[in-house]
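The values are calculated or read from the model by the stated rules, or taken from the named source; none is laboratory data. Everything quoted here is computed from the prediction, not taken from an experiment. Every residue, glycine as well, gets a Cβ built from its backbone with ideal geometry; the counts of neighbours run over all protein chains shown.
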Amino acid sequence: MKFGSVVGTVVSTINIPLLDDHRLLVCDIQDISGAVSGYTIAVDVVDAGPGDIVLILDEGTSARQILGRDWGAIRAVVVGIVDELVVDSASLL
Amino acid sequence: MQLARVLGSVVATEKASGLDGIRFLMIQPLDKYQRPAGGTVVAADAVAMAGQGELVYFVSSREAAEALPERFVPVDHAVVGIVDQIHLGEEE
């Protein structure tokens with residue numbers, strides 16, 4: 001999984017049917033210092049929103065497993081909202 | 001998934017089997033501020049209605065083929081949606 005933060009949302013009415021029932025979040029991908037190395041548009045399954053620090057899964061088979069289906073063009077999913085990040089006994093959030 | 005701008009369409013008569021009937025688009029991947037990021041790629045159009053100039057999002061790698069009616073096809077990028085709006089920031 002990748003670590004990052006939600007920075008926005010995407011509104012889309014024309015899309016593949018798989019995405020009809022899911023919010024799409026624009027997520028920055030970050031390292032533990034907060035430096036941004038890129039972004040992804042991820043499907044939300046945990047009701048995350050802009051400002052949340054999140055865990056982003058970026059692998060297709062696992063993503064489909066989370067949505068309970070064995071096929072579908074989905075790869076990036078926000079799978080958790082981070083409460084705390086501790087590195088070397090120091091809380092970084 | 002990443003954002004992209006549709007630059008145009010690509011027509012190829014001779015194709016690998018499995019690609020018949022699929023529209024192909026030339027797209028320019030964008031960063032989250034909709035600035036060009038990286039080189040252009042050719043993507044299958046899984047929504048079948050994306051047109052030139054539109055802001056879209058696409059999926060890459062193995063999952064691209066999953067967007068198409070026939071799922072075992074040699075496709076590595078697929079446009080899976082057309083963007084109406086992007087909200088950046090916490091104003092929502």
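Considering only segment B:50-68, I want to know if a residue exists there that is hydrophobic (A, V, I, L, M, F, W, C) and surrounded by fewer than 17 Cβ atoms within 10 Å (Cβ to Cβ). Break it down stepwise before answering.
At the first step, the residues of segment B:50-68 found to be hydrophobic (A, V, I, L, M, F, W, C) are B:50, B:55-56, B:58-59, B:64-65, B:67-68.
Then drop every residue that is not surrounded by fewer than 17 Cβ atoms within 10 Å (Cβ to Cβ), which leaves none.
No; the residues of segment B:50-68 include none that is hydrophobic (A, V, I, L, M, F, W, C) and surrounded by fewer than 17 Cβ atoms within 10 Å (Cβ to Cβ).
How many residues does segment A:47-70 hold that are in a strand (DSSP E or B) and within 11 Å of chain B (Cβ to nearest Cβ)? Lay out the reasoning, then the answer.
Pass one, segment A:47-70, residues in a strand (DSSP E or B): A:53-58.
Subsequent filtering for residues that are within 11 Å of chain B (Cβ to nearest Cβ) retains A:58.
So the count comes out to 1.
Contact list please: Cβ distance under 8 Å, first residue in segment A:29-48 and farther than 22 Å from A:S12 by Cα, second residue in a loop (DSSP other than H, G, I, E, B), pairs at least six apart or on different chains.
From segment A:29-48, the pairs are A:I32/A:L85; A:I32/A:L92; A:S37/A:D31.
Condition first: facing chain B (nearest Cβ under 10 Å) and not aliphatic (A, V, I, L, M). Now tell me which residues in segment A:71-93 satisfy that. Even if it seems obvious, please write down each step before you answer.
To start, the set of residues in segment A:71-93 that are facing chain B (nearest Cβ under 10 Å) comprises A:71-76.
Passing the criteria: A:W71, A:G72, A:R75.
Suppose we filter A:A73, A:A42, A:A63 for residues that are surrounded by 15 or more Cβ atoms within 10 Å (Cβ to Cβ), aliphatic (A, V, I, L, M), at pLDDT below 95 and within 11 Å of the chain's Cα centre (by Cα); which single one remains? Even if it seems obvious, please write down each step before you answer.
Working: A:A73 fails: within 11 Å of the chain's Cα centre (by Cα); A:A42 fails: at pLDDT below 95.
Testing whether each residue is surrounded by 15 or more Cβ atoms within 10 Å (Cβ to Cβ), aliphatic (A, V, I, L, M), at pLDDT below 95 and within 11 Å of the chain's Cα centre (by Cα) leaves just A:A63.
The rows are residues; the columns are (1) modelled with pLDDT of 95 or more; (2) under 29 Å from A:V7 (Cα atoms).
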| residue | (1), (2) |
| --- | --- |
| B:V6 | yes, yes |
| B:A16 | no, no |
| B:M26 | yes, yes |
| B:M49 | no, yes |
| B:A67 | no, yes |
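Filter segment A:1-32 for residues that are among the acidic types (D, E) and more than 11 Å from the chain's Cα centre (by Cα); which is nearest to the other protein chains (Cβ to nearest Cβ)?
Taking segment A:1-32 as the starting set, the residues that turn out to be among the acidic types (D, E) are A:20-21, A:28, A:31.
Of the ones still in play, those that are also more than 11 Å from the chain's Cα centre (by Cα) are A:20-21, A:31.
Numbers: A:D20: 10, A:D21: 13, A:D31: 17 Å.
Taking the candidates together, the pick is A:D20.
List pairs: first in segment B:60-82 and within 14 Å of A:R75 (Cβ to Cβ) and facing chain A (nearest Cβ under 7 Å), second buried (at least 18 other Cβ atoms within 10 Å of the Cβ) and among the charged types (D, E, K, R), Cβ under 6 Å, 6+ apart or cross-chain?
That search, which allows pairs on different chains as well, returns B:E63/A:R75.
How about segment A:1-21: which of its residues are in contact (Cβ under 8 Å) with a residue 40 or more places away in the chain and not in a strand (DSSP E or B)? Let's see the steps before the verdict.
Kept after step one, since they are in contact (Cβ under 8 Å) with a residue 40 or more places away in the chain, are these residues of segment A:1-21: A:1-9, A:16, A:18-19.
Residues satisfying the conditions are A:M1, A:I16, A:L18, A:L19.
Got at least one residue in segment A:18-26 being modelled with pLDDT of 95 or more, surrounded by 17 or more Cβ atoms within 10 Å (Cβ to Cβ) and either of a type in the set (S, T, Y) or touching a Cys at 6+ places or on another chain (Cβ under 7 Å) (or both)?
The answer is no; no qualifying residue exists.
Considering (1) within 7 Å of chain A (Cβ to nearest Cβ); (2) without any contact (Cβ under 8 Å) to a residue 12 or more places away in the chain, say which one B:K32 fails and leave the rest.
Just one mismatch for B:K32, condition (2).
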